[in-house]
Each structure stands twice: as C-alpha cells, then as structure tokens.
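Written out below as structure tokens is the structure these notes cover.
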Amino acid sequence: MKASAVISCLGLTAAVSAKGFDVETLTKLNSVHSASVSPNGEFLIYGHKKVNKDTKVSNLYLRNLNDIKQPIKQLTAHKTTEHDVVWSNDNKTIYFISARSGSAQVWSLALDGGEARQVTDLPIPVNGIKLSPDNKKIALALTVFPECKTIQCTADKKKTLSEKPNQGREYTQLMVRHWDTWKDHSYNHVFVADLTNNQAKNLVDIHKGLKTDVPAKPFSGMEEVSFTPDSASIVYSAKLGDHTQSWHTNYDLWQVPVTGGKASNLTAANTAWDSQPVFSNDGRYMAYAAMSKPAAESDRFAIMLKDLVTGNVKEVAPLWDRSVRSIKFAPDSRNLYVTAQDLGQVSVFAINIQFGDVKTLHNEGSSSIIGVSGDNVIISKKDLSSPGDLYSLSNDGTSLETLTNVNKDVLADVDFGEYSQFTFKGWNDETVHGYWVKPADFKQGEKYPIAFLIHGGPQGSFGNSFSTRWNPQLWAGAGYGVVMIDFHGSTGYGQQFTDSINQDWGGKPLEDLQKGLAAVTKQQPWLDGDNACALGGSYGGYMVNWIAGNWSKQFKCLVNHAGLFDMRMFYNVTEELWFPEQDFGGSYLNVKENYEKFNPANFVQNWQTPMLVIHGEKDFRVPYGQGLAAFTVLQRKGIDSKLLMFPSENHWILTNDNKKQWYKNVLDWMDKYTAK
C-alpha cells in the first residue's frame, strides 16, 4: 500500500492521503493485449490500449528482450486497434487483425520498415488467425453459413438478416441461444489459404458443411486450433453439433488436411472434454488438455502427451492434482510451461514430460504465459492491487523483471487497500482459504463494515487477481473491509475440493461462509461482523438468495446480481444444460428432488433482509426472469428492495457507463444499511 504523500507549502508541511481506488479510475485504466514473442525469442510485440479522456487509442509496440534497456519502439499509429498478433518464422514480419479498411481483416507489417499491407479483403470479418510452420499457409476463423458455397453468400445472408431484425427464428433442436446471442444458424469455421506475396489466396473451408463451431463460441479462440509440424493438416477442438450438444461437453481433437476433406477423431476414446492441442518444437510430440468426466465443465484438465512417432498417449504428471489452464512447450521440447489455479493464485509451473516432475516457477497473483525468450518465460500477471502487465520470468523461477507498467501514471495517486490470504477450518474441519482487504484509509483501532463478496461459478474463485468487474479494491476504496471465501466447490484446491459441491449447492458452501466470516472477524478485529452486507453474482447471487432464506439475520443488506432464484425454472431456460445436470446429478425431469432441496424459491417465507437485485436483459445463462422473480417476492413481502435492470448487458456488466451506474447503486445500497 502506498504511503501518504507529503507536500510543503509556505513552510508548512501537511500529509495528503492518496485517494482510494474508485470506478472512475477503473474505467480509465490502460491495458496490455495481443502480446506475442518472436520465434527466436528476441522480441516482444504487444498492444497498448490507452484511455484518453473518453476515447481509447491502441497501438502495437516492440520491445527487445535481449536488451530491455533499449527504448520501446512504437510500430503502429492508427485509429483502429490491431490485435491477434502472430509472427512469421523468419522473425521479420508480423500479421495482425485490424479494421483499418472498414472491417476486421488480416494485415502484415515488415519490421524493417514500411507501411502495413492488407493480406485479406473479404466481405465478412476475420475472427482469428494462425500461420503454418512453413509460413506458406494462413488459417482464418470466419463465421459462415454452412449451406453457403461462397463467402459472398454468407455476407449476403447476414445483410438480409440484419434488414429483418424482427423476423421469426426457427429451430428444431437445442441450443437455440447461447450466452447473449440467439442462434442465427451461422457457425465459426476455419478456412486455410495460400500465403503468396503476403496475400491470402485460394481459401478452403476445412469444415465445409459442418454445423459446429470451430473455435467454439463464445469464449474459445485460436488456442483451440494448431497446424501440424509438417504444415499439412490442422488439429482443432470441437464437438458434433447434433441435438445432444446442449447436455454434454464431449469436445474432441480432430485432424483434417489443409486442403479439406474428412476429419479424423484423434480422441474418440475419451468421451469428455479435449482441448488446446500444441506441438513441440522438434515435431515429436503433441500435448493437450483433457478432462475425464463426461458432461463436466469443471473437471480437472489433465496434461496429455502423444508421441507422434510411436503413437503412444500418456498423462503427464498424473499425481499432480491441479487443472491446467494453458500449455506451452519449452524450446528443448522435453519440458512444458503451464499455468493452473493453485491456492488462490494462477501460478506458472515447469513440468518434465518424461518424469512428470512439477516445479513451481511463480505463485503470486494470476499469470498467463505469452511465450519463451531464451532462459525466460514471458508472462502477463495481475494481482489484487495491480492491473495486468508483462514480465520476464527466469525459467528457474528465481527472478521476475517488469517489462511494462502501463498504469504507472493513472495509479500514481491511488492508495490500494492492503490485502492478505487467510485460512480457517470449514466444513468437516477441512482447511478453507480466503482473502481480506483493508479499507484504503485504514486506521488502526477502528472497526469497519464488511463487503462480503461471494464468487460465482460455483466452481470458481475471486483469488489474487485484478478484475474490471467485481474488483474488491473498489469496496476498499469506499471504506469497506472486504472478505472473500473460497468455499468448498472453489477451484485451485484439488479436484476433490471442487467436486464436493456437486448436489450440495446450499450445504458445504454455506457452512464455509458462516465459519469463514466468524473466523476472519476473530482473526482481524477491525472487521465488524455485525455490520456487513453480502453480495454476489451468478452462483454468488444464488447464494445471496439462499442466505436470505437460510442465514437471514447475519447481514444488514444483500446484493443479488444475476442470481438463480428458482432452480426448476432455471433448468428449463438456461442454455448449457450440462452444467446443472452435472452439478445436480441429472436433469430436473429425472432428479427434481436434488434441485428442490437447495431451491431458494422454497425458502422465501424466511426472507426479511433488504436486497438490491441486478440483472442484464441479454443474460441467457441466468435469464432475467430469475432476478425479476426475486424482486417480485421482495416487493410482495414488503421488504425494502430495488431492481436495477440493464437492457443491453448480458451475464456481466461490460460498458463503462453501466459499470459506473452498477457501482453507484451497489455502494449507495450498502451505505444506506451500514454504519461507517
């Protein structure tokens, strides 16, 4: 936590406290994106998005990793944003996506000088790119209609649909909508083109006619697509788009020639999720992530390794009880660099593919791997008091060097709240972890009201990270002490701990929250356990509804964002049916007793605590009727309540103006009921 600034004026010295973090500052934060390390490891390119008043300007920058004392070089200066940067294998050219021609297309830029050149000129936008190892092919992610034989046909159909926004939609199978979008019968497909004189020619839809998304919508990207070492094929993760797609997670790895044709299923034996195929530098191995439980989305992602010479497949580090998030081969092709959640962090590990030895390289904050530069791993990292920046981490984990500090000026006068992880004995006396954050203006000897944040998922974790949505420092900046509990069901503490929430949504987690609040207020007497508000989103919002009926006297107020209220109705209107069926032991049609046991709607007779209800109308994961139903109950029972509905937002609040309104309403609601 920064010390207070000291100024001198006319010989008088006064202490001036830095301001606490607030939502205005949050919306002005700069960010790093699209970072990529050159194949020889000598250079780093990254996008730097700067906020100037109410506008954002993003450009690409080049950093010499062999001599980081050299000045950073700005590569682009265009009003549009360049993103999805990839390198040519000779380290001399980069390719990226930009809308500088009016729509998102591929551009190239020679690093020895000259202007960017347009590589594609298609009537539809490009969503992602990959280069083949020999740099003779380029893979393009495009959204097309499978029945169309040309890209122009897709463009024409999209135009027709946009001109008839109220036309009725027709469906014969699930899913009919996903996340925040109704299905329009178009799909993500990968096209492969010849890269000739920096121009994409002879496009081939390698998924021609398939009614499935590659990469999967809405969150997957080109990390699910890889060229084989010989540049002759593409391996990708996808599941069949049949009528069962809404209630299973059987993504397989498929291989198809770059010329198109029949795809081969490489992981047919595994009926669970297979993901992220990556190849070793020497072309000998393919590594990928794989779950083992069919229909699960929060199972452990194990690291699998296929020897492309012998065909043997084995699990790497089978005794390591962590779920891998990302995988990258080290230059020696015999070690892997991976990230995984671990005890409230997202840590970086090195793993030997032969012996499975796991070495922790960095375990503070939340990290992701960008690339490898000699004996260093280039990572992006953030924590509870630091937005994301780029760092160089030695491959033995002994040193960490800062490569960017894009918010140095923005945060110069911001005083973040001090934070720490803590543990206590939760359900069944098992160790449970949590975090507390002190108010930014903390004074020893005073007691502070509590913002009791409950994470979603439920297989998730707030953890040691920095968020642009639920950011604990915004409550700390407003004078609250913040408490966050990684209750049973949270990720990063072993698969058994994560799985323990199955069919027990309102059991172990509630006990952990109760014991955690009691423990932290005893450990940290400055936290006022009798002056607290509980708030959460998604499953966290469910838990707020559950608390209202099962722990109603503990809190002065409640905030329920996108929370599940009626489990019967939730099952029938959500899109990813595999999620509730996995967590509740089957469909509502077959095991309705499991849903009703922990259904907040069955305990509304106990509701008495004032509640703010927030929802987005485009939320298809937890449709807004759930929030409206909770508000209806509150109003009919005469409980002080307020409804905040966002017409254009989905499960998350993403636009800056709406974030400001969100935090104003939440903090005003909490200020109303807590004494500060």
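The values are calculated or read from the model by the stated rules, or taken from the named source; none is laboratory data. All values reported here derive from a predicted model rather than from experimental measurement. Cβ placement follows ideal geometry from the backbone for every residue including glycine, while neighbour counts extend to all protein chains displayed. Each accessible area value is taken on the protein alone, full model and side chains, heavy atoms only, with ligands, DNA and RNA left out. Shrake-Rupley method; radii C 1.70, N 1.55, O 1.52, S 1.80 Å.
Things to note:
- Here the calculated FRET efficiency for TRP182 and LYS69, from their Cβ-Cβ distance with R0 = 51 Å, stands at 0.45, rounded to the nearest 0.05.
- Gap separating the Cα centres of region 413-468 and region 337-398, nearest whole Å: 23
- Whole-number Å³ per residue for the convex hull built on Cα positions in region 186-315: 124
- Leading residue at positive end of dipole, region 614-676 (Cβ point charges), from GLN661, ILE614, THR674: THR674
- Loop trypsin sites (Lys or Arg not before Pro), region 436-509 (other Cβ atoms within 10 Å of the site Cβ: 14 or fewer; DSSP): LYS443, ARG469
- Most positive-pole-ward Cα, GLY477, THR244, ALA350, against dipole of the chain from beta carbon charges: GLY477
- Added length on full extension, which subtracts the Cα-Cα distance from 0.36 nm per residue, THR160 to LYS208: 15.1 nm
- Ranked by the mean number of other Cβ atoms within 10 Å of their residues, highest first, the peptides 652-659, 386-393 fall in the order 386-393, 652-659.
- For the chain, convex hull of alpha carbons as volume per residue, Å³: 175
- Extension gain for the segment ARG568 to GLN661, taken as residue separation times 0.36 nm less the Cα-Cα distance, is 30.4 nm to one decimal.
- Projecting label points 7 angstrom from Cα along Cα→Cβ for THR423 and THR244 puts them 4.3 nm apart.
- Relative contact order, percent, the chain [alpha-carbon distance under 8 Å, six or more residues apart]: 9
- What a 1.4 Å probe finds exposed on region 175-295 is 52% carbon and sulfur by accessible area, rounded to a whole percent.
- Per residue solvent-accessible surface (Å²) - the chain, probe of 1.4 Å: 43
- Angle in degrees between helix 625-636 and the longest Cα principal axis of the chain, rounded to the nearest 10: 10
- Counting only alpha carbon atoms, the long axis of helix 508-523 and the longest principal axis of the chain meet at about 60°.
- Cα-based helix-to-principal-axis angle, 151-163 vs the chain, degrees rounded to 10: 30
- Full extension of the segment from LEU308 to GLU593, taken as 0.36 nm per residue of separation minus the current Cα-Cα distance, would add 97.8 nm.
- Per-pair calculated FRET efficiency, R0 = 56 Å: ASP112 and GLU147 via Cβ, rounded to 0.05: 0.80
- Zone residues, region 620-657, relative to THR27, backbone N less than 14 Å from point 7 Å out along Cα-to-Cβ: 653-657
- Among the GluC sites (Glu not before Pro) found in region 370-478, those both in a DSSP coil and sparsely packed, with 15 or fewer other Cβ atoms within 10 Å of their Cβ, are GLU418, GLU430, GLU446.
- Protection proxy ranking of 40-46, 311-317, 477-483, by the mean of other Cβ atoms within 10 Å over each peptide's residues and highest first, is 477-483, 40-46, 311-317.
- Normalised by residue count, region 17-108 yields a Cα convex hull volume of 128 Å³ per residue.
- Taking region 559-632 and dividing mean pair separation by its residue count, relative contact order in percent (alpha carbons under 8 Å, at least six apart): 51
- Stokes-Einstein diffusion for region 304-453, with the hydrodynamic radius set to the Kirkwood value over Cα pairs and evaluated at 4 °C in a medium of 1.567 mPa s, equals 72 µm²/s.
- The calculated FRET efficiency for THR55 paired with THR468, based on their beta-carbon distance and R0 = 25 Å, is about 0.90.
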